[in-house]
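Since the structure comes first, as structure tokens, the remarks are kept for the end.
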Amino acid sequence: MKNISLKIDDSIFGETEKILSSIKKPRNRYINEAIEYYNRLQRRLLLEKILKKESELVMKDSLTVLNEFEEIDYDD
């Protein structure tokens, strides 16, 4: 494990302490879980950004292919 030092806003610290006293969880565990949750959220947001960019890159080609299929004369 790594040791870190951080500064927390007084209001956030106070709220955290109230929650911790209610849920009976060590501060260290609580902060680790919070960071883990936030990291998962950020990874999802980064992935969303990448997928959106890639989707925009292929959108024009996809529409072109779709239009070509629509122009095909399907005589039975």
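The table below lists the values:
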item: Residues satisfying the stated conditions in region 32-74, i.e. surrounded by 10 or more Cβ atoms within 10 Å (Cβ to Cβ) and not in a helix (DSSP H, G or I); result: none
item: Filter result for Ile23 (exposed (fewer than 10 other Cβ atoms within 10 Å of the Cβ) and of a type in the set (A, V, I, L, M)); result: yes
item: Test: residue in region 15-30 that is without any contact (Cβ under 8 Å) to a residue 24 or more places away in the chain, among the charged types (D, E, K, R), at positive phi and out of contact with any Phe, Trp or Tyr (no Cβ under 8 Å at 6 or more places or on another chain); result: yes
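No value in this document is a laboratory result; all are computed from the given coordinates. In this text the structure is predicted, and so the values were computed from the model without any measurement. Cβ sites come from the backbone with ideal geometry, for glycine too, and all protein chains shown count toward neighbours.
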